[in-house]
Structure formats: C-alpha cells, structure tokens
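Okay, so here's the structure we're looking at.
Laboratory data are not the source of any read-out in this text; all were calculated from the coordinates shown. In this text the structure is predicted, and so the values were computed from the model without any measurement. Please note: Cβ atoms are built from the backbone with ideal geometry, for glycine as well, and neighbour counts cover all protein chains shown.
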Amino acid sequence: MTPSSTKRESTFGAAIGFLLLAVAVVGLIVSIFLFPQVFESVFWAIVIIVGALILIGAGIAIVSFLLIIPMYAKKGVEYQTDVSYDLDDVKDVSGKMEGKKE
C-alpha cells in the first residue's frame, strides 16, 4: 500500500456516538440504583413478553406436529418395485466393486 493510494476519513462522529453510548449506560446504571421499582417493573414486563413468545412458539410447534401426523399417514411410503436393494450391489465412489468382476 503506497501512501498515495490511501485515504484517511474522520472517525469523530463515531467517537461522539461511543461517548454518548457510554453516558447513556452510566445513566441507566445510576437510574437503576435510584429507582429500583422502575427497573423491577421493566424486568417483569420483559419476562412476561419473553414467556408469552415462548408459549406462542410452543403452541405453533404442537399444532404443526398434530397436523403433520395425519398428512404423513395419508401420504404413505413410495418405493420402486422393479429394482434390487441388495447391499452387495452397492458400488464405491470410484464405481468399482471390490472383490467382484464387472
């Protein structure tokens, strides 16, 4: 990399953003210690929302499983009747059969 092909851009905006983020985190920590009842309310609200999402996901999974069973039973299994499924006929990747003449 030659000096003539490089370009330096300012990171002042990102530095200000990080500073504001640090101030916000410190403010949040201070507010938790000053007003613990607000933190407790927010915490329980988040717990209730996450629990509701887990219950909704579990309900969808259970309904899906219950719908899949009759669909699987109705579909049945398909297989070919005019071919041999004998393991002695299996070839390796190179196409050669060991111990047998082709």
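Let's see how each residue does on (1) assigned to a helix (DSSP H, G or I); (2) closer than 30 Å to Leu28 by Cα:
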| residue | (1), (2) |
| --- | --- |
| Val42 | yes, yes |
| Leu53 | yes, yes |
| Ala58 | yes, no |
| Ile62 | yes, no |
| Phe65 | yes, no |
| Ile68 | yes, no |
| Met71 | yes, no |
| Thr81 | no, no |
| Ser84 | no, no |
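Is it true that some residue in the range 7-28 is of a type in the set (Val, Ile, Thr) and either touching a helix residue (DSSP H, G or I) at 6+ places or on another chain (Cβ under 6 Å) or loosely packed, with under 10 Cβ neighbours inside 10 Å (or both)?
So in the range 7-28, the residues of a type in the set (Val, Ile, Thr) come out as 11, 16, 23, 25-26.
If we keep only those that are either touching a helix residue (DSSP H, G or I) at 6+ places or on another chain (Cβ under 6 Å) or loosely packed, with under 10 Cβ neighbours inside 10 Å (or both) too, we end up with none.
Checked the range 7-28: no residue is of a type in the set (Val, Ile, Thr) and either touching a helix residue (DSSP H, G or I) at 6+ places or on another chain (Cβ under 6 Å) or loosely packed, with under 10 Cβ neighbours inside 10 Å (or both).
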